[in-house]
Amino acid sequence: MQTGPNPDKTALRHRTGTSHQDPLAVRVILIFLTLLFFGGFVFLPLALVFAEGFRKGAAVYIESIREPYAIAALELTLTTAAIVVPLNAVFGVAAAWAVSKFTFRGKTFLVSLLDLPFAVSPVIAGLIFVLLLGSRTTLGSWLGEHGIKLIFSTPGIVIATLFVTFPFVARELIPLMESQGREEEEAAVTLGAKGWQVFSIVTLPNIRWGLLYGMILCMARSIGEFGAVSVVSGHIRGMTNTIPLHVEILYSEYNYAASFAVASILVFLALATIVVRSIMENALHNQQQTQF
Amino acid sequence: MFRASPLPDKQTRTMLPFKRNRRQILPGFGLSMGYTVFYLSAIVIVPLATLVAGSFRIAPDLFVNTVTSPRVLASYRLSLSTALIAAMFNAFFGFLTAWTLVRYRFPGRKVLDALVDLPFALPTAVAGICFATLYSPVGWVGQFLGRFDIQLINAPSGIVIALIFIGFPFVVRTVQPVLAELEPEIEEAAHSLGASRWQAFRRILLPHIFPALLTGVTLSFARAIGEYGSVIFIAGNLPFRTEIAPLMIMSKLDQFDYDGAAAVALVLLLISFSMLLVLNSVQRWQEKAYR
């Protein structure tokens, strides 16, 4: 079964490369332009975060990260991620199982519905939950009478983040599981495996890297989400402030050093995401190579 | 690649929507499908439907007045035009980056390749304060540009800068795999038939890569229309000049004008969804091109 490029030919192409066909001048100019672009759009902003964060010295940097409001914001952000990631992961697995292991009408339509949140502006994502659950609506006022407040409190932040990070795991798993086909699971069923056994023994080991990778993307986005959370949070310090909102507040108070110090935490998390991603892509690549 | 034709066979066509093909033996269809539809409805469909249904309750003349007020129209125009310009820049820089990463070997290539994803991973607010600080009159780049009387902060061009950052990974990540899969024989054939390097690029490579490039550019454009966090810090948010459409929704909400916010949002949503439709047809065309 040939599902990818011939590994031998790929290796050959990489060794000889087509690069020596491009004249040296072209190569140098194009690489230089790329580096220039990355310099301006990637390296400069990254350097700036740390330069600004440490502008007033390491003591201010550490103090900005350790002050109670920053800690509270970090706690809220991590709590949100801890609720959102598992929920969306379970959904992602269920959706990928239904879509990739069965044939049914309306599959293409269902898959495009899964991508819907990507097409919605983060601000609109926040707005729809204010409209649905805010105190102005029937549902919201009923909840309010029973002492349940969803908007401008933690549940609102969690729901808006659920919406924004909704497709990540499913999107990662559907192509992966479709490429793996149904034969292994069907063989397991034929040999007498029960539903849960088929999934945990046959499917899960095959998709573990993709699943983990989708969850990491989901986590990165749920930690960093700004627009949607900004709409539903109400910006109550120490209560409904996530880390990105905290960065915004500090910045708008002209407290740049503290703002960038807190932002540097997010930069570390982003860089960690990228590193893990590279490692996993290699793992996924190796896994696929050993399969064929 | 030999795969079964995806065309629905006779049996699939007679099936009811979301009902499975009875010949399949794997377990868990009802559970996984049921949960998928339930969760999708609860988190995505019902909330989005609320916005649409809520907009119908607004008096039609109020809706039209809100959406066509000069300030709101200016914000739509600004969001669309800056997103379009940024997408054009990204077509160039994204293609350039993909080309360099796939075709050349140089020290640090793997690091650059990994860092392409930074805009996906970095919270938009962090990107926003970075660019606002870099391009402020006392910032690292702003100081330098100030000598030539160029000011990007509080100007539409600053918005474009932020949107280029947000959108360029989309182009790189769609073009890169197509470029990598390209058979070197095609180009060799062109050369042996006497084509110059430029001719081979323009007549052979570019048409092959174009559908992927268009997909990436459309994705980056669609993302840029709704972008908020990275833009508001550098934009300065001056009415009629640097106020983007998502910010209009935000400011209507701040004044508790929920109907106005919903009206502005609905139009923006319709624009985004029509982009999605365009993207779908582009992708269908792309699949046809590679068949």
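Where does each of A:ASP22, B:ASP259, B:ASP254 land when they are ordered by accessible area, with a 1.4 Å probe and the largest first?
Accessible-area ranking of A:ASP22, B:ASP259, B:ASP254, largest first: B:ASP254, B:ASP259, A:ASP22.
Just how much of A:SER200 is accessible, in Å², when a 1.4 Å probe is used and the result is rounded to the nearest 10?
For A:SER200, solvent-accessible area is about 40 Å².
Quick one: dipole size for region B:137-248, taken about the Cα centre, charges +1 on Lys/Arg Cβ and -1 on Asp/Glu Cβ, in debye to the nearest 20.
Computed about the Cα centre, the dipole is about 320 debye.
Return the Cα extents of the protein assembly as shown along principal axes one, two and three, sorted largest first, each rounded to a whole Å.
Here the spans come out as 62, 60, 52 Å, largest first.
How much of B:GLU188 can a 1.4 Å solvent probe reach, expressed as accessible area in Å² and rounded to 10?
Accessible surface of B:GLU188 is approximately 90 Å².
Kirkwood hydrodynamic radius (Cα pairs, Å) of region A:56-291?
Computed over Cα pairs of region A:56-291, the Kirkwood hydrodynamic radius comes out at 19.8 Å.
Would you look at the GNM of chain B, springs on alpha carbons closer than 10 Å, and say which of B:ALA53, B:ALA224, B:ALA87 moves the most?
B:ALA53
Compute, for B:TYR135, the solvent-accessible surface of its heavy atoms (probe 1.4 Å) with the complete set of protein chains present, and express it in square angstrom to the nearest 10.
Surface accessible to solvent at B:TYR135 totals approximately 30 Å².
Label region B:235-291 by shape, choosing from rounded, prolate and oblate, from the square roots a ≥ b ≥ c of the eigenvalues of the Cα gyration tensor; if a/c is under 1.5 it is rounded, and otherwise prolate applies when a/b is larger than b/c, oblate when it is not.
Judged from the Cα gyration tensor, region B:235-291 comes out prolate (a/c at least 1.5, a/b above b/c).
In debye to the nearest 20, how big a dipole does chain B give about its Cα centre with +1 on each Lys and Arg Cβ and -1 on each Asp and Glu Cβ?
Magnitude of the dipole: close to 940 debye.
Report in % the part of the accessible area of chain A that belongs to carbon and sulfur, leaving out ligands and nucleic acids; probe 1.4 Å.
Carbon and sulfur atoms account for 67 percent of the accessible area of chain A.
Which residues of region A:199-238 show a drop of at least 10 Å² in accessible area when all protein chains are present, compared with their chain alone (probe radius 1.4 Å, heavy atoms only, ligands and nucleic acids excluded)?
SASA drop of 10 Å² or more in region A:199-238: A:ALA220, A:ARG221, A:GLY224, A:PHE226, A:GLY227, A:SER230, A:VAL231.
Rounded to the nearest 500 deg cm²/dmol, what is the calculated helix-only ellipticity per residue at 222 nm for chain A, with -39500 (n - 2.57) per DSSP H run of length n ≥ 4?
Per the formula, -23500 deg cm²/dmol.
Rank these residues by their accessible area, most exposed first, probe 1.4 Å: B:LYS252, B:LYS288, A:LYS101.
Result of the area sort, largest leading: B:LYS288, B:LYS252, A:LYS101.
Order B:ILE164, A:ILE148 by their accessible area, 1.4 angstrom probe, all chains in place, largest first.
A:ILE148, B:ILE164
Looking only at other chains, what is the average number of their beta-carbon atoms within 10 angstrom of each beta-carbon in A:24-31?
Taking all residues of A:24-31 together, the mean is 3.
Return the subset of A:LYS56/A:LYS149; A:LYS107/A:LYS194; A:LYS107/B:LYS110 for which the Cα-Cα distance in this structure is over 32 Å, preserving the input order.
Listed pairs above 32 Å: A:LYS56/A:LYS149; A:LYS107/B:LYS110.
Would you mind calculating the relative contact order of chain B from Cα pairs under 8 angstrom and at least 6 residues apart, reporting the percent as a whole number?
26 percent
Check each residue of region B:65-102 and keep those whose accessible area, probe 1.4 Å, is at least 50 Å² smaller with all protein chains in place than in the chain alone; give them in order of residue number.
By number: B:LEU96.
When chain B is modelled as a GNM with alpha-carbon springs shorter than 10 Å, which of B:GLY226, B:GLY260, B:GLY30 fluctuates the most?
Highest fluctuation among the options: B:GLY30.
Can you give me the accessible area per residue for chain B, using a 1.4 Å probe, in Å²?
48 Å²
Give the A-B buried accessible area in Å², both sides summed, 1.4 Å probe, nearest 100.
8600 Å²
Mind telling me which of A:PHE260, A:PHE109, A:PHE91 comes out most flexible in a GNM of chain A, alpha-carbon contacts under 10 Å?
A:PHE109
In region B:80-189, carbon and sulfur make up what percent of the accessible area (probe 1.4 Å)?
With neighbouring chains kept in place, the figure for region B:80-189 is 69 percent.
With viscosity set to 1.306 mPa s and temperature to 10 °C, compute the Stokes-Einstein D of chain B, Rh being the Kirkwood radius across alpha carbon pairs; µm²/s, no decimals.
Stokes-Einstein gives a translational diffusion coefficient of 71 µm²/s.
Exactly which trypsin sites (Lys or Arg not before Pro) in region A:157-208 are in a DSSP loop and have at most 14 other Cβ atoms within 10 Å?
A:LYS194
Could you provide, to the nearest whole Å², the per residue accessible area of region A:178-292 with probe 1.4 Å?
That works out to 45 Å² per residue.
The values are calculated or read from the model by the stated rules, or taken from the named source; none is laboratory data. It should be emphasised that the depicted structure is a prediction, and the values quoted were computed from it without experimental measurement. Ideal geometry is used to build each Cβ from the backbone, glycine not excepted, and the neighbour counts take in all protein chains shown. Areas reflect the complete protein model, heavy atoms only, side chains present, ligands, DNA and RNA absent. Shrake-Rupley method; radii C 1.70, N 1.55, O 1.52, S 1.80 Å.
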